[in-house]
Amino acid sequence: MFITLILGAMVFISCKKNNPPDVPSTPGGPSFAQINDTCSFVTSTIDPDGDDISYRFYWGDGHISDWSNFVPNEKAVTMSKSWATAGTYSVKAQAKDKHGATSDWSSGHQITISGGNGEWHLATSSAGWSARSRHTSVVFDNKILVLGGRGHDGSFKNDVWYWP
């Protein structure tokens, strides 16, 4: 009986379960860029076992980055990407601990890549305010935004357009 207890304790000690890292934070980065601009994104997470963590990014265009080097638990990692095609992409992150356990993918961060050819792009056709007869414009994040105004048909609008 004594030998069975010792063997049972040895099995219990040597079978510590490895937990995967938590889902990484939604990547932080720009919301707008031009074709071939280099855009940097950052994410981090916690491994419940305190293990070192490696990250990779899904770029929203069918490509996934290589895994980063392992970094200490909770340390953020930044990776960069440029897109050759205009469009809106959803950038996500995934984490892996040093034992190979992987997290689920994070929520996506939307980035819109413009062609740089002077085209205006519709950000939303129905913003969260009432329609207005005159437009307002602002510069934010190196973009010109035009908010609302009167349409070609004379109707009031609550849309938002941006350039470039």
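The values are calculated or read from the model by the stated rules, or taken from the named source; none is laboratory data. This one's a predicted model, so the numbers in the text were calculated from it and none came from an experiment. Glycine also receives a Cβ, built like all others from the backbone with ideal geometry; neighbour counts cover every protein chain displayed.
Quick notes
- Lone unmet requirement of (1) in the same structural domain as residue 35 (by TED's automatic domain parsing); (2) at negative phi for residue 74: (2)
- Among the residues of segment 77-97, none qualifies, meaning not one is farther than 30 Å from residue 144 by Cβ and exposed (fewer than 15 other Cβ atoms within 10 Å of the Cβ).
- Screening residue 33 against (1) more than 27 Å from residue 142 (Cβ to Cβ); (2) among the aliphatic types (A, V, I, L, M); (3) buried (at least 16 other Cβ atoms within 10 Å of the Cβ); (4) modelled with pLDDT under 95 leaves a single unmet condition, (1).
- Per-region count, segment 49-70, residues closer than 16 Å to residue 20 by Cβ, surrounded by fewer than 19 Cβ atoms within 10 Å (Cβ to Cβ) and not acidic (Asp, Glu): 3
- Candidates 106, 82: the one that is of a type in the set (Ser, Thr, Tyr) and touching a residue at least 60 places away in the same chain (Cβ under 8 Å) is 106.
- Of all residues in segment 85-103 being touching a residue at least 40 places away in the same chain (Cβ under 8 Å) and assigned to a strand (DSSP E or B), the one that is farthest from residue 70 (Cα to Cα): 91
- Any chance residue 131 is modelled with pLDDT of 95 or more, more than 19 Å from residue 30 (Cα to Cα) and surrounded by 11 or more Cβ atoms within 10 Å (Cβ to Cβ): no
- For segment 47-79, the tally of residues that are touching a residue at least 40 places away in the same chain (Cβ under 8 Å) and of a type in the set (A, V, I, L, M) stands at 1.
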